[in-house]
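Taking it in order: structure first as structure tokens, then the write-up.
Computed from the coordinates by the stated procedures, all read-outs in this text should not be read as laboratory data. Everything quoted here is computed from the prediction, not taken from an experiment. Cβ placement follows ideal geometry from the backbone for every residue including glycine, while neighbour counts extend to all protein chains displayed.
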Amino acid sequence: MLFLTELIHQIYFILAAIFAILLLRGLFKRGTRKTFIYDIVYAYSIIPFLLRALHIK
Amino acid sequence: MKNNHYKTRKIIILAIVLVLAFLGGREFYEIRHFKQSIVVSDAFTERFMLSDYSDSIKGTWADTPVYLYDSGEPGGSMLWLGGTHPYEPATMLAAYIAAENIKVKKGKVYIIPAANYSAMTMGILGNAYPNYYTLETQWGSKKMRIGARNANPLDQWPDPFTYVHYPSTQNLAYQDIRNLNRTYPGRPNGSLTERLSYAIMELIRQENIDLYVDMHEASLMYPVVSTYVAHDRSLDICMMASMTLSAEQFPMKCEASPKSLRGLSHREVGDFSDTLAVLMETPEPFIDRVAGRITEELMLTGKDEFLQTASEAGLLYAQPEYDIEFGSPMEYRVGRHLSSTMEVIKWMSDFFPEKEMILEFPLYEDLMEKGAGYFLQDPAKADKDKLFYN
């Protein structure tokens with residue numbers, strides 16, 4: 001059980017990193033919503049995932 | 001050309017965002033790694049980690065220092081907890097003041113200033129309150145940390161949809177799986193907070209702790225504020241302590257630990273060990289939902305006009321009645337905890353002479369006269385073997 005708990009816990013960090021990468025990709029390579037505002041939204045949304053993936057917040 | 005323009009724009013935005021992430025992240029990193037100095041008193045015996053009693057928290061952020069003060073004279077023993085909920089910082093300050101000033105003439109005392117260490121490494125999400133408060137001492141200012149209620153999600157995540165308490169199987173709020181005061185008696189193979197509870201239980205069981213005191217602070221709209229909550233076996237000593245305090249020092253209520261409310265220390269610690277389990281609450285306006293600006297000043301003085309209005313409307317449970325002229329200052333709350341603990345020790349010694357403990361540490365009157373900072377030692381002038389970082 002301890003192992004499973006730890007595994008799930010670590011998977012969440014990995015997922016956070018994957019979402020950060022997806023958002024980064026979305027910032028540079030997206031087909032729709034290409035305005036300046038959406039650039040800000042995509043870039044800003046990276047912060048929580050980045051901080052979580054780095055074990056900071 | 002246009003594509004290059006877009007790309008440059010995105011890179012600039014990303015760079016700005018990364019700077020913001022760095023600035024925000026640095027603050028989060030600092031509070032996560034902040035260390036509090038502690039200069040132990042002459043009665044100090046040894047410092048060890050709680051994981052000595054359960055390997056299951058070794059190397060985790062739940063592992064926390066325990067300070068032992070052993071008189072060498074046979075008598076009672078006490079485990080004294082601050083920081084079960086680190087957003088109730090008078091509990092940690094009371095523990096630090098005790099650890100830095102205590103004299104033990106009979107019996108032994110174990111002090112854990114930050115029981116839920118993981119919860120001390122962050123603030124409460126969404127509450128926008130200060131991470132620290134500053135105490136004035138005789139030798140300058142001392143920065144003190146304000147933490148959160150539950151363990152840090154960095155250390156225990158994800159939360160379940162419903163937290164099923166072990167072993168009662170009672171359903172509790174999902175976030176309470178990270179709440180040290182909902183996970184007792186814990187288990188060695190459970191969540192991190194359950195493992196922490198288990199380690200505390202193991203310390204109590206292996207050291208045959210006679211008295212367990214868990215310090216808390218409560219919002220003034222919570223009926224259990226200014227109260228002892230006593231397990232069945234400790235009800236007599238708490239009732240006597242409550243009456244004595246109310247007659248001589250300050251109003252202090254006493255309640256019996258409900259049998260149907262599972263996971264709380266005053267219930268489970270008493271049920272799953274032979275100790276006399278006691279929980280104590282002081283009034284902390286800082287965590288009241290109706291309080292105005294949540295500032296460092298509010299933390300230190302407890303003065304809030306919205307609470308005054310609530311008090312006039314009869315909505316508060318604090319005793320004595322809340323008065324903005326006085327508020328609920330830090331030294332008052334710390335002093336209450338110290339004197340409330342001493343009174344319980346006295347009555348335990350009276351009811352059970354074989355568990356007698358003779359201790360000295362600053363009490364309510366001392367705190368009200370000299371302030372809380374007066375009793376903190378200067379780490380710059382401390383002997384190296386007495387200086388620790390918590």
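Odds and ends about this structure:
- Equivalent ellipsoid, the stretch A:2-53 (semi-axes from 5 times Cα gyration tensor eigenvalues, Å): 29, 10, 6
- Under 14 Å, Cβ to Cβ, from residue B:194 - net charge with Lys/Arg +1 and Asp/Glu -1: -1
- Here the peptides B:14-27, B:184-197 are ranked by packing, the mean other Cβ count within 10 Å, and the order with the highest first is B:184-197, B:14-27.
- Listed by chain and number, the aspartates and glutamates whose alpha-carbon sits under 18 Å from that of residue B:381, ignoring those within fewer than 8 places in the same chain, are B:42, B:100, B:136.
- Shielding by partners for peptide A:34-46, expressed as the average number of C-beta atoms from other protein chains within 10 Å of each residue's C-beta, is 3.
- Folded to 0 to 90 degrees: helix B:89-101 orientation relative to chain B principal axis, Cα: 60
- Here the calculated FRET efficiency for residue B:159 and residue B:386, from their Cβ-Cβ distance with R0 = 25 Å, stands at 0.05, rounded to the nearest 0.05.
- Principal-axis tilt of helix B:330-351 within chain B, Cα atoms, nearest 10 degrees: 30
- Between helix A:2-28 and chain A there is an angle of about 10 degrees, using the helix long axis and the longest principal axis of the Cα atoms.
- Spherically averaged projected area in nm², based on the convex hull that wraps the Cα atoms of the stretch B:51-166: 9.9
- Counting lysine pairs in the stretch B:54-158 that sit 8 or more residues apart in sequence, or on different chains, and whose Cα atoms lie under 29 Å apart gives 5.
- Based on C-alpha pairs under 8 angstrom that are at least 6 apart in sequence, chain A has a relative contact order of 47 percent.
- Label-reachable residues, the stretch B:211-226, where backbone N falls under 18 Å from a point 7 Å from residue B:290's Cα toward its Cβ: B:218-226
- Stokes-Einstein diffusion for the protein assembly as shown, with the hydrodynamic radius set to the Kirkwood value over Cα pairs and evaluated at 37 °C in a medium of 0.692 mPa s, equals 141 µm²/s.
- Taking other residues whose beta carbon is less than 10 angstrom from the beta carbon of residue A:27, and scoring Lys, Arg as +1 and Asp, Glu as -1, yields +3.
- For chain B, modelled as a GNM whose springs connect Cα atoms under 10 angstrom apart, the maximal fluctuation among B:169, B:309, B:275 occurs at B:169.
- Label zone at residue A:54, where the point sits 7 Å out along the Cα-to-Cβ direction: the stretch A:4-42 residues whose backbone N lies under 20 Å: A:10-28, A:40-42
- Across chain B, Cα pairs under 8 Å and at least six residues apart give a relative contact order of 19 percent.
- DSSP bridge analysis restricted to the protein assembly as shown gives an antiparallel fraction near 55%, rounded to the nearest 5.
- Cα centroid separation, the stretch B:366-384 to the stretch B:2-57 (Å): 28
- At full extension, residue B:171 and residue B:246 could sit 23.4 nm farther apart than now, given 0.36 nm per residue minus the alpha carbon distance.
- Going from the fewest other Cβ atoms within 10 Å to the most, the residues B:276, A:50 appear in the order A:50, B:276.
- Relative to its Kirkwood radius, the Cα radius of gyration of the stretch B:339-378 gives an Rg/Rh of 1.12.
- Least to most buried among B:347, B:80, B:157 (fewest other Cβ within 10 Å first): B:157, B:347, B:80
- Listed by chain and number, the lysines whose C-alpha is less than 28 Å from the C-alpha of residue A:29, apart from same-chain residues fewer than 8 away, are A:57, B:2, B:7, B:10.
- A crude spin-label estimate for the pair residue B:321 and residue B:73, with each label 7 Å from Cα along the Cβ direction, gives 4.5 nm.
- Computed as a quarter of the hull surface, the mean projected area of the alpha carbon convex hull for the stretch B:34-389 stands at 16.5 nm².
- Taking N as the residue count of the stretch B:267-390, its C-alpha radius of gyration divided by 2.2 N^0.38 Å amounts to 1.33.
- Local electrostatic count, residue B:264, Cβ distance below 13 Å [Lys/Arg +1, Asp/Glu -1]: -2
- Here the calculated FRET efficiency for residue B:378 and residue A:18, from their Cβ-Cβ distance with R0 = 41 Å, stands at 0.25, rounded to the nearest 0.05.
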